[in-house]
Amino acid sequence: MAATASCEKDTLPTNLAPNVVTGSTDGIYRTGVTSIEGRIDNPNGYTVEEYGIQYSQFQSFAEPEEIKATQMDTKGNFTVSVEGLEPGEGYYYRAYAFSGHNTIYGEARPFTTVTTSAPQFDDYTTVTNVGLTSFDVSTTLLDDGGDEGGIQMSAFL
């Protein structure tokens, strides 16, 4: 009598993790980024205990910094801001999600902070409403990165 062995068909394991997408940056300045976007596509409702953005000066993320996001919209989008960076330096960032067991990463992307000099005031600074104990100053603040913003100050003595 001949014996035959049977086994189940080999299949790939099901990925039990959400898809993590690294988004774009907005508002890169001398020492930070106003907004870095990420998204977690999680149609199967897998557990996500923590999510946010990692950044590093190394493409390998050998020494990453993490910024945890605190709010996500109903489509899985979130944003964080980064401060305390060095002017004119290159950085890499990626979105991440931690499931309680493992961490899933989005694609790594680069950005470079702006190199500028100290802000300069324009030639049209005005002083008005001069009184015995107060005055108003109005000027435009210029920066080499192309930003221009108005500033108004009031001083009371």
*What tally of residues in the range 26-37 results from selecting those that are open to solvent by 40 Å² or more (accessible area, probe 1.4 Å) and touching a residue at least 24 places away in the same chain (Cβ under 8 Å)?*
6
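For the range 37-64, name all the residues that are assigned to a strand (DSSP E or B) and closer than 17 Å to Glu86 by Cα. Spell out how you get there, then give the answer.
First, pick out the residues of the range 37-64 that are assigned to a strand (DSSP E or B): 37-41, 50-56.
Once the filter is applied, which keeps residues that are assigned to a strand (DSSP E or B) and closer than 17 Å to Glu86 by Cα, the range 37-64 yields Gln54, Tyr55, Ser56.
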*Asn44 fails exactly one of the following numbered conditions: (1) open to solvent by less than 50 Å² (accessible area, probe 1.4 Å); (2) on the phi < 0 side of the Ramachandran plot. What is the number of that condition?*
(1)
*Please go through the range 27-61 and pick out each residue that is in contact with a Ser or Thr (Cβ under 7 Å, 6 or more places away or on another chain), within 20 Å of Ile104 (Cβ to Cβ) and modelled with pLDDT under 95.*
Tyr46, Thr47, Val48, Glu49
*asked:* Out of everything in the range 65-86 that is of a type in the set (Val, Ile, Thr) and part of a loop (DSSP other than H, G, I, E, B), what residue ends up being most open to solvent (accessible area, probe 1.4 Å)?
replied: Thr74
*Residues in the range 122-132: is at least one open to solvent by 80 Å² or more (accessible area, probe 1.4 Å) and either among the polar types (S, T, N, Q) or modelled with pLDDT of 85 or more (or both)?*
yes
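Does Thr14 fit the bill of being exposed (fewer than 10 other Cβ atoms within 10 Å of the Cβ), modelled with pLDDT of 90 or more and either over 23 Å from Phe111 (Cβ atoms) or aromatic (Phe, Trp, Tyr) (or both)?
So Thr14 does not fit the description; no.
The values are calculated or read from the model by the stated rules, or taken from the named source; none is laboratory data. Only a predicted model underlies this, so the values are computations on that prediction, with no experimental measurement involved. As a convention, Cβ positions derive from the backbone with ideal geometry for all residues, glycine included, and neighbour counts pool all protein chains shown. Protein only, heavy atoms only, side chains kept; ligands, DNA and RNA dropped before computing areas. Shrake-Rupley method; radii C 1.70, N 1.55, O 1.52, S 1.80 Å.
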